[in-house]
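Data first, discussion second: the structure below is written as structure tokens.
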Amino acid sequence: MASQILAAAVGRTTTAARRQAVSLTEAAASRIRQLLEQRKQSYLKLGVKARGCNGLSYTLNYADDKGKFDELVEDKGVKILIDPKALMHVIGTEMDFVDDKLRSEFIFINPNSKGQCGCGESFMTTGSAGATKHSSS
């Protein structure tokens, strides 16, 4: 009995390292830092919106304040917020930034994505498949 109580107490005082919901590449962090400095904003907020051929599309907006339920991610010196409605769709995602002759855009490497449209503008996760069917009726 005493060992169970001691184990429970130790478990409560030990903090486990929590993995971030989204990670950034150096290119993404550099571009976000540049955008936030230009606009004099505190955060970039990542969300998802129901649209496109496959159901969901990423959204990026500027934000001054952290919402009560927003997930704060600090990576490579920049802070991004994740909308609580988007969290389950983007957890584990790596955000990159590509700038070449053909495009200049953020790219999301999302392990939860179960499909993408041909142009890459929208995606689908297991959780979003049922939600998009209900929202379109």
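Looking only at the stretch 36-53, filter to residues that are basic (Lys, Arg) and part of a loop (DSSP other than H, G, I, E, B); which one of those is least open to solvent (accessible area, probe 1.4 Å)? Checking each candidate, the answer is Arg51. Within the stretch 108-128, the presence of a residue that is out of contact with any Gly (no Cβ under 9 Å at 6 or more places or on another chain), hydroxyl-bearing (Ser, Thr, Tyr), at pLDDT 80 or above and within 20 Å of Ala28 (Cβ to Cβ) is excluded.
Residues satisfying the criterion are absent from the stretch 54-69 (criterion: among the hydrophobic types (A, V, I, L, M, F, W, C) and assigned to a helix (DSSP H, G or I)).
Within the stretch 19-43, residues that are charged (D, E, K, R) reach partners that are open to solvent by 50 Å² or more (accessible area, probe 1.4 Å) with beta carbons closer than 8 Å, at six or more positions or on different chains, in the pairs Glu26/Lys76; Arg31/Asp99; Arg33/Gly77; Arg39/Tyr62.
Quick test for you: out of Ala29, Ala16, pick the one residue that is assigned to a helix (DSSP H, G or I) and either open to solvent by 60 Å² or more (accessible area, probe 1.4 Å) or modelled with pLDDT of 95 or more (or both). Reasoning before the result, please.
On the way: Ala16 fails: assigned to a helix (DSSP H, G or I).
Of Ala29, Ala16, the one residue that is assigned to a helix (DSSP H, G or I) and either open to solvent by 60 Å² or more (accessible area, probe 1.4 Å) or modelled with pLDDT of 95 or more (or both) is Ala29.
Restricting the first member to the stretch 77-105 and to residues that are in a loop (DSSP other than H, G, I, E, B), and the second to residues that are surrounded by fewer than 21 Cβ atoms within 10 Å (Cβ to Cβ), the beta-carbon pairs closer than 6 Å and six or more apart or on different chains are Asp83/Gly47; Pro84/Phe69; Ala86/Gly47; Ile91/Ala21; Gly92/Pro111.
A single entry from Asp83, Asp70 fulfils the requirement of being touching a Gly at 6+ places or on another chain (Cβ under 8 Å), modelled with pLDDT of 95 or more and buried (at least 17 other Cβ atoms within 10 Å of the Cβ): Asp83.
The values are calculated or read from the model by the stated rules, or taken from the named source; none is laboratory data. None of the values given here were measured: they were computed from a predicted structure. Here the Cβ is made from the backbone with ideal geometry for all residues, glycine too, and neighbour counts use every protein chain on show. Note: accessible area is taken over every heavy atom of the protein model, side chains too, but ligands, DNA and RNA are not part of it. Shrake-Rupley method; radii C 1.70, N 1.55, O 1.52, S 1.80 Å.
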